[in-house]
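Notes follow the structure.
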Amino acid sequence: MNAWVDQRTAPAMDIVIGVPDGGSPLAPWLERFRSRTGMVAEERRLWVVAGSGKGEEPCPPPFLRPPGTGGSILAAALRLAAAQRRGLLVVTGDGFPGDEVAAALAKLQGVDPMIGVVQPRFAHPDGTIFPLTGQRGRPPRRFHRNALACLPVTQLAPEQSAPLLLITPQAALLARVDESLDFAEALRRLLTQLRRLGYRTLVANRIVAEYAGSAADIYPEAPRIEGDSETVWRDQAAHARGWLSDTAGQKFETLLADAFLADGTARILLDCRNLQVGFNGTSQAMLGYLQGLHQLAPAGLAFTVLATPKAARFHDIAARFPGMDAQLADDVTGERRGYLAALLLDQPWQTATLLELHRSAVFTAVTMLDTIAWDILAPGTSQLDAVWHALPRMVDGLAFNSNYSRERFAARFGPLGTAHAVTLHSLDPVETAPPSDSPSGMDEPYMLVFGNSYDHKLVDPTLATLSDAFPYANIVALGGSVAPTPRVRLMKSGMIEQATINALVANAAVLVFPSCYEGFGLPVVHGLAHGRVVVVRRSPLWNEIADHARLPGRLVPFEDEIELVSVVGETWHGRPPEGLTMGGALPDGGAAPRWRDCADRLVDLIREMAASGDGQGWIRREAVIEVCGGSRAS
């Protein structure tokens, strides 16, 4: 279809048309070219190269078919184009691209003085895009048209013969063509010659021309001819193709082949390999993320959950989240390892995790739950300093479970410099505290001290203080190592059933959470949802939680042992303090965030990464990884 009704607006260029052998006679074929492409315009020379199958058929005006080889016609066309400082469009095959494609290519020919050729991308009639080439040792695979938005607007590539290309005016001035050759071989050698002069091919990833055929038809390799004395040209062509297949950009295109399903749905990897066999805050958060994403079921996204077989069975992933593709494996390798985005639903602990995420998806993001392990120099985290310092540069997005966690991370590891979001965990009472009619199994009333064995949880010092201040009170402690008196009952955290935890919290007279360092504090929310008085060590985090919650319990901070004993004593005797004001950051009548809202922010983060990214971030990271020897992790 002609997009240039006013021919004075048609881009100045001449055209060489390579007519395929076979099919209809020459004149009807050229008439179809005229009507379908709209490229016939005044002041354009339209050169025709017809194979021997067309014989001496006459060529209707304004088409020109001079005698001689295809190489001689190409040479003549280039000389005249150079004389008028205009480009030469080369069109071959039965694709019949529109003049709007030619015009779009022409707009790019001057973006760099060393551009020799401008090419579009090529689409199969089914809409999929042909890759420039395959990775070495892997056949090329077409990818969904939606993936073009993930590529840079333009990219430089080695030369490749193609059904449509524009030789720029600056390249036409230096073009030298062997006129004894047929058209295809003369063009191939010309493209190689231009590259050896430093004139590169600019591939326009947003300009698409449709062509039927295979990848070999679109980007044909130079034929091998026995006894050919000009092997240097074929060696050069093979060198260019091999160079392209090894580039970071081509690895990126290989990744795109699996990033979308056939209907254009984007594949999203939810990496849950750190999900543990057991119950803790991290597993609770990861399962909450999955619950929210499952409920949200955003259009256009298909989720794959990657978890170890043991953890998947323990938490019953497949049954809890039907509709999500559950992959049970310890790594991200597989037949279809390409995703539009990979989201690690936990903090990364090792360099290998970052490399695996990078090589599995176009865009990557991680959730940061806290920075405690780095601050306390947790055992077994020797790579953590390097990994977390690299995070803002190695991923496209960061999701924090609180603004408090975001501030701690930024203060330790520098400006974020990447897309990020605060995705508060659920503060909904139904989601965080299912109703419990079960007895606690403890002597009531009792105080519940909640924590684990880490020093920053401060369970043992708190038990010593409370048992000394309230010698006749029953105390249940999760995570303590020493029971100061017989009235203190210790329970090992981590493997206690959620129903048991729920009953313990629901029936406690007061819940004490003495930790001095948290990222969110799910047990605190759990206690508030059950209407308990929850006593916490003073921190800006608890003000943030209170501001975004409307829960029936009271959140009461303390600063030292004296205040701890005072607050617990008042509560124990039925006179609990008022605590922090709830809901200050929520709109009037607005609900507190749920897991679905958390998931919505994660999806927004994915869409933000996709909208702002053009593949350059992935390509730069891959190049750095290769320089540093990262190929061993592929």
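The table below gives the values:
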{"item": "Helix axis angle, 183-196 relative to the chain longest principal axis, alpha carbon, degrees", "result": "60"}
{"item": "Average projected area [Cα convex hull, the chain], square nanometres", "result": "34.2"}
{"item": "DSSP-defined antiparallel bridges as percent of all bridges, the chain, nearest 5", "result": "15"}
{"item": "Computed Kirkwood radius, in angstrom, where 1/r is averaged over Cα pairs of the range 26-106", "result": "13.5"}
{"item": "For the range 62-102, the Rg and Dmax computed from alpha carbons only, in angstrom", "result": "11.8, 31"}
{"item": "Kirkwood hydrodynamic radius over Cα pairs of the range 228-284, then Stokes diffusion coefficient at 4 °C and 1.567 mPa s, in µm²/s", "result": "81"}
{"item": "Potential lengthening between HIS573 and ILE376 on full extension [0.36 nm per residue; Cα-Cα distance subtracted]", "result": "67.2 nm"}
{"item": "Under-30-angstrom lysine pairs by C-alpha in the chain, whenever the two are 8 or more apart or on separate chains", "result": "4"}
{"item": "Nearest-10 value in Å² for the accessible area of ARG596, using the 1.4 Å probe", "result": "90"}
{"item": "Sequence of CYS628, CYS516, CYS59 from largest to smallest accessible area, 1.4 Å probe", "result": "CYS628, CYS516, CYS59"}
{"item": "Accessible-area ranking of GLU57, GLU31, largest first, probe 1.4 Å", "result": "GLU31, GLU57"}
{"item": "Hydrodynamic radius (Kirkwood) for the range 571-634, which is based on Cα pairs only, to one decimal in Å", "result": "17.1"}
{"item": "Calculated diffusion of the range 426-536, Stokes-Einstein form, Kirkwood radius summed over Cα pairs, 4 °C and 1.567 mPa s, µm²/s", "result": "93"}
{"item": "Nitroxide proxy distance, nm - points 7 Å out along Cα→Cβ at ARG489 and GLU100", "result": "7.5"}
{"item": "Heavy-atom SASA rank of LYS457, LYS310, LYS251, LYS492 (probe 1.4 Å, accessible area, largest first)", "result": "LYS492, LYS310, LYS251, LYS457"}
{"item": "Kirkwood Rh (inverse of mean 1/r, distinct Cα pairs), the range 269-314, angstrom", "result": "11.2"}
{"item": "FRET efficiency, PHE314 to LEU197 (Cβ-Cβ, R0 60 Å, nearest 0.05)", "result": "0.40"}
{"item": "Per-pair calculated FRET efficiency, R0 = 51 Å: ARG36 and ALA390 via Cβ, rounded to 0.05", "result": "0.45"}
{"item": "Rounded accessible area of GLU100 (nearest 10 Å², 1.4 Å probe)", "result": "90"}
{"item": "Estimated FRET transfer efficiency when R0 is 30 angstrom, pair ASP235-VAL153 (beta carbons, to 0.05)", "result": "0.40"}
{"item": "Extension gain, VAL277 back to ASP217 (0.36 nm per residue minus Cα-Cα distance, nm)", "result": "16.4 nm"}
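The values are calculated or read from the model by the stated rules, or taken from the named source; none is laboratory data. Computed from a predicted structure; not experimentally measured. Positions of Cβ are backbone-derived with ideal geometry, glycine not excepted, and every protein chain shown enters the neighbour counts. Protein only, heavy atoms only, side chains kept; ligands, DNA and RNA dropped before computing areas. Shrake-Rupley method; radii C 1.70, N 1.55, O 1.52, S 1.80 Å.
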